[in-house]
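Chemist: One structure, pasted below without further comment.
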Amino acid sequence: MNKQPIGERIIRFQDCDPYGHLNNSKYLDYMINVREDHLIHEYDINIFEMAQVQKKAWVVGHNDLIYMRPALVMEKVKVKTAMIDFNDRYVQAEMIMTNEAETHIKAVLWTKFYHFDIAQQRGIRHTEEQMELFKEMMLLVEQQSTEERAKHLATALKVAVPSE
């Protein structure tokens with residue numbers, strides 16, 4: 001099980017501002033779409049099927065997004081995703097967008113998803129089976145905030161990639 005799978009996307013014209021930069025709100029779309037793909041392909045968790053059949057889902061409760069460099073129209077970007085925290089009521093995912101060569105960080109997103117019963121319209125606890133799976137999926141992150149994490153990742157890239 002890959003704890004930090006990578007998805008590639010091309011920044012589309014309709015998602016950009018007049019300057020050719022990815023619109024701020026679209027970072028969320030690109031990054032969360034990659035996370036949804038990873039859940040299906042890496043962990044066999046189909047949140048859409050789960051919502052329709054079991055009437056259970058995860059709803060976004062909090063986003064914290066750090067913009068570091070613009071993503072440009074028709075640029076190929078990579079998005080790494082990982083679960084970085086969880087408890088019996090929520091999971092928190094990290095999504096990191098980079099350029100194709102992975103030499104520049106475009107943005108770092110931490111999103112907290114709360115487990116939710118659609119039929120009853122209320123939050124619910126994760127099952128024991130889910131909790132065990134989350135332990136396997138977990139990527140340990142030492143930083144306590146997105147700001148700290150973004151600085152750490154940028155510093156690590158500068159050390160790992162001498163020519164910027």
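Chemist: May I ask you to order 76-82, 87-93, 19-25, 117-123 by the average number of other C-beta atoms within 10 Å around their residues, highest value first? Mind showing how you got there, number by number?
Modeler: Working: 76-82: 21.3, 87-93: 16.9, 19-25: 13.9, 117-123: 10.7.
Packing proxy ranking, top to bottom: 76-82, 87-93, 19-25, 117-123.
Chemist: Here is a follow-up. What's the local net charge at ALA119, with K and R +1, D and E -1, over the other residues with C-beta under 13 Å away? Can you show the working numbers first?
Modeler: On the way: positive: LYS55, LYS56, ARG122; negative: ASP117.
My count for the surroundings of ALA119 gives +2.
Chemist: If ligands, DNA and RNA are left out, what is the accessible area of ARG125 with a 1.4 Å probe, given in Å² to the nearest 10?
Modeler: Surface accessible to solvent at ARG125 totals approximately 140 Å².
Chemist: Further question: Points 7 angstrom from Cα along the Cβ direction at ASP85 and LEU157: gap in nanometres?
Modeler: Reported label-point gap for ASP85 and LEU157 is 2.3 nm.
Chemist: Moving on to the next point. For TYR19 and MET50, FRET efficiency with R0 = 41 Å and r from the beta-carbon atoms, rounded to 0.05?
Modeler: On the way: r = 39 Å, r/R0 = 0.96.
The formula returns an efficiency of 0.55 here.
Chemist: Mind sorting out which of (i) 29, 19, 14; (ii) 26, 20, 12; (iii) 22, 18, 16 is the real semi-axes √(5λ) of the Cα gyration tensor in Å computed from the coordinates?
Modeler: (i)
Chemist: Compute the length gained on full extension between TYR43 and ASP29: take 0.36 nm times their separation in residues and subtract their Cα-Cα distance, giving the result in nm to one decimal. Display every interim value, and only then the final one.
Modeler: On the way: separation 14, 0.36 × 14 = 5.04 nm, distance 2.04 nm.
Once the chain is fully extended between TYR43 and ASP29, it gains 3.0 nm.
Chemist: Sequence neighbours fewer than 8 away in the same chain don't count; with that in mind, list the lysines whose C-alpha is under 17 Å from LYS151.
Modeler: LYS80, LYS106
Chemist: Then there's this: Spelling out what I want: for every residue of the stretch 65-79, take phi, set θ = phi - 60°, compute 6.51 cos²θ - 1.76 cosθ + 1.60 (Karplus), and round to whole Hz; glycine and proline get x.
Modeler: So the J values, rounded to whole Hz, are 10, 10, 8, 10, 9, x, 8, 10, 3, 6, 7, 8, 10, 10, 10.
Chemist: Another one. Determine the dipole magnitude for the stretch 6-164: charges of +1 sit on the beta-carbon of Lys and Arg, -1 on that of Asp and Glu, nothing else is charged, the reference point is the Cα centre, and the result goes in debye to the nearest 20.
Modeler: Numbers: 19 positive and 25 negative charges, 77 e Å.
Around 380 debye, computed over the stretch 6-164.
The values are calculated or read from the model by the stated rules, or taken from the named source; none is laboratory data. Since the structure is predicted, the reported quantities are computational estimates derived from the model, not experimental observations. Every residue, glycine as well, gets a Cβ built from its backbone with ideal geometry; the counts of neighbours run over all protein chains shown. Remember, those area values only see protein heavy atoms, side chains included, never the ligands or the DNA or RNA. Shrake-Rupley method; radii C 1.70, N 1.55, O 1.52, S 1.80 Å.
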